[in-house]
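Take a look at the structure below.
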Amino acid sequence: MIEVIDLHVGFASSDVLKGVSLRVAQGERLAILGGNGSGKSTLAGWLAGWFSGGTHRLTAGGCLWNGKPWDDYTLVERAATVQLVGQFPAQHISGRAFTVAEEIAFGPENLGLPHEEIVTRRDETLAACHLEHLAGRDPFTLSGGEQQRLVIASALALRPKLMILDEPFSNLDPEARSHTLSVLNALPADVSVIIMDTNPDTVLGWANRLFVLHEGKISEFGNIRATLFDPTVIATIGLPAVTRCFLEIERGSGSAENLSRDNLPLTFVEAAAILRRSRSA
Amino acid sequence: MLNSSIYCPGESSLHRANPLTKSTGLFTVVVTSFLLPPPALWVVSAIILLIGLACGVGGSVIWRYVLLSLPFTLAVFVFHGAILPRSDMQPVLGWLHYSLTGLEHASLVGGRISLILASSLLFVSTTAPATLLRALDAARWPPGLSFLLASPLLLLDQFTGRARAISDAQQTRGLSVDGSPWRRLQALRMLLVPLLTSALADAQERSHVLTARGFRALPYRTVIDPPADTRFQRFLRWSLAVFMAMETAFMVLR
Ligand SMILES: Nc1ncnc2c1ncn2[C@@H]1O[C@H](COP(=O)(O)OP(=O)(O)OP(=O)(O)O)[C@@H](O)[C@H]1O
Ligand SMILES: [Mg+2]
């Protein structure tokens, strides 16, 4: 379980996170939404234990994994526990592998795992992330979306207990998006996943919990619906595309159902159900 | 770019040899080059180029050899043979003089460079960087050292690609890259600043990534497909090492 306790982080000139507290239990699927510059990448880095110095200034608080700060774990334990997939895939390629298959095996090789275990993990991950046809390619020659999938695969090959993905969908086509979500859903039930995004559309049907990062604070308004309809949230990240579409239709004509914040659809599945009902009515 | 494309795939016995054996051989040639007299240096260089031909990498090795060694060899011969004042300067024609000892010295220096260059080119054109790294890992060399070897090869392409992208972006925004040398120098400065800052940001990010993936968490790493090695090659490597030690001792005590 990862716990963030009153995290205050800033850079030389400004404070970015002003008291963020968060508790993620095993197996939870979390989405953290926030606008550009709201501190998503900063929070992601702290969650993964990447920063503890450098240009980042920690003024208060911290992160605990199972009650202990990341610094108390060995590098091997950390690599097998938490993986962060960053926002810019090209920066997250190790620079040590000459092929996609080698890149995926890189992490497990570093942990000194047995030979067969590494080969199994490599082949399983290649297949799960649909990268088999690229196995022999140089990672730096892949397209942005392919690199993104490779970075996700390389992280998964370490079989972490906590996966953090920073805007993982920005480079992906719709098919790759839904495939990535299904890969994340297929992870063992005890793996926690946190996705940072600017946009609610992709993560909505996937996340169990939804948080919003705004002006250095993180908030969860009871449930996903309450969060999305909060006025400040509407102002910063906007409503999901489906919801906006229904609101637009509502304005034009009265429909069979009385739609309000309590039953406006948030996902395609919900929208389809409403349309089906109104058609049969 | 040059580095990453020197390797020519092939099936010769030199291609198949373990990279550690080849690098030991390369080091032996380098050490030996300090003991050989000038004619032998040039003869051995020629033999190495011929081996390259026999291994099917002759073309790539020879043109690079000519391209890289010719300017240097010419400069050494002109400088030592005709410019640097020596006691045995002989007039040739008008103001042109030459010195026999100078030419001999040039032949020695040029021959050494030629031999080291030819054997290095043969090594890199028959050894895939990835195989070299796996061999080092399998021999339990420190992972950091092999990373130092690998990353320039891999990142260079990316770096040149980015330089081109930045330069294109600046040109579309009206930065002129041709014209007087001064203008070009200005353009180069404008290119270097974003290139270096982005390289630094990348380096920091990548070092986090490497740590997060357990790189150097242990003093060794598992290698899933180590390059083939044989008892004979191990024996050869030890023999070459002993030979190099003897050569070094001879040079020091001489
Ligand atoms: N190295 C740094 N030095 C100074 N300020 C920084 C640094 N890195 C980030 N910041 C600032 O911290 C704030 C949060 O940055 P962060 O990258 O976490 O935002 P983000 O939510 O990930 O944004 P985006 O959606 O654009 O990725 C921004 O205002 C940014 O300008
Ligand atoms: Mg970000």
Distance between Cα centroids, region A:2-26 to region B:83-98: provide it in whole Å. 77 Å
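For a footprinting-style exposure proxy, rank B:H97, A:H133 by other Cβ within 10 Å, fewest first. All intermediate terms of the calculation are to be shown ahead of the outcome.
Values: B:H97 17, A:H133 9.
Arranged by neighbour count, lowest to highest, B:H97, A:H133 become A:H133, B:H97.
Shape verdict for chain A, please, from the Cα gyration tensor: rounded (a/c under 1.5), prolate (a/b greater than b/c) or oblate.
Values: a/c = 2.14, a/b = 1.37, b/c = 1.57.
It comes out oblate by the Cα gyration axes.
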Surrounding charge for A:G62, neighbours by C-beta under 12 angstrom, Lys/Arg +1, Asp/Glu -1, total -3
Sort A:C245, B:C55, A:C129 so the one with the fewest other Cβ atoms within 10 Å of its own Cβ comes first. A:C245, B:C55, A:C129
Charge tally in the Cβ shell below 13 Å around B:S119, where Lys, Arg are +1 and Asp, Glu are -1, B:S119 excluded: +3
Quick check: Cα centre of region A:186-255 to Cα centre of region B:182-205, how many Å? 40 Å
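Can you classify chain B as rounded, prolate or oblate using the Cα gyration tensor, where a ≥ b ≥ c are the square roots of its eigenvalues, rounded means a/c under 1.5, and otherwise it's prolate if a/b beats b/c and oblate if not?
oblate
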To the nearest 10 degrees, how steeply does helix A:144-156 sit against the main Cα axis of chain A, on a 0 to 90 scale? 70 degrees
Between region A:57-133 and region B:1-78, what's the alpha-carbon centroid distance in Å? 39 Å
How much net charge surrounds B:V31 when only other residues with a Cβ under 12 Å from its Cβ are counted (Lys, Arg +1; Asp, Glu -1)? 0
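Using the count of nearby Cβ atoms within 10 Å as a rough guide to exposure, how do B:R112, B:R134, B:R16, A:R149 rank from fewest to most? Please list the in-between numbers first.
Numbers: B:R112 17, B:R134 22, B:R16 12, A:R149 26.
Ordered from fewest to most neighbouring Cβ atoms within 10 Å, B:R112, B:R134, B:R16, A:R149 come out as B:R16, B:R112, B:R134, A:R149.
Readers should treat all values here as calculations from the given coordinates under stated rules, not as data from a laboratory. From a predicted model like this one, the values you see are computed outputs, not experimental measurements. We place every Cβ from the backbone using ideal geometry, glycine too, and count neighbours over all the protein chains shown.
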